[in-house]
1. In square angstrom, what is the accessible area per residue of the stretch 35-80 with a 1.4 angstrom probe?
2. Among DSSP beta bridges lying fully in the stretch 35-80, give the percent that are antiparallel, nearest 5.
3. For a Förster distance of 30 Å, can you work out the FRET efficiency between the beta-carbons of Arg56 and Lys32, rounded to the nearest 0.05?
4. For the stretch 35-80, what does the convex hull of the Cα positions come to per residue, in cubic angstrom?
5. Got a number for carbon plus sulfur as a percent of the stretch 35-80's accessible area, 1.4 Å probe?
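The values are calculated or read from the model by the stated rules, or taken from the named source; none is laboratory data. All of these numbers come straight from a predicted model, not from anything done at the bench. Glycine gets a Cβ as well: all are built from the backbone with ideal geometry, and neighbour counts include every protein chain shown. We work out accessible area using only protein heavy atoms, side chains counted, and drop any ligands, DNA or RNA first. Shrake-Rupley method; radii C 1.70, N 1.55, O 1.52, S 1.80 Å.
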Amino acid sequence: MNTLKKTALIFMATISISGGASTIVPTSSMAKTRYVYIAPKHGKKYHLAKNCRGLRRAKKIQKKTLKWAKKHGYKMCRLG
Ligand SMILES: [Zn+2]
């Protein structure tokens, strides 16, 4: 009786473990397009925040992809 109960418990636990594992789908592998902000006339820096201090003086701000900015020699702004 006791052994049967124990076996059943292990069986239930195995189902819940395997079931739980199958529902975990890694979503971090999906590359999300990141956008950055640049001020073309104010140096080769890209900014992660639109309201960054480094962009305050810039009159014209352009939104670009991070890939684009890196390709065109832009370096990340240390302020944001
Ligand atoms: Zn900045």
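1. On the way: 3750 Å² over 46 residues.
Result: 82 Å² per residue.
2. Numbers: 6 of 8 bridges.
Antiparallel bridges make up about 75 percent of those DSSP assigns within the stretch 35-80.
3. Working: r = 27 Å, r/R0 = 0.91.
After rounding to 0.05, the efficiency reads 0.65.
4. Details: hull volume 2.6 nm³, N = 46.
Hull volume over Cα atoms, normalised by residue count, gives 56 Å³.
5. Details: 1850 of 3750 Å².
Ligands and nucleic acids excluded, carbon and sulfur reach 49 percent.
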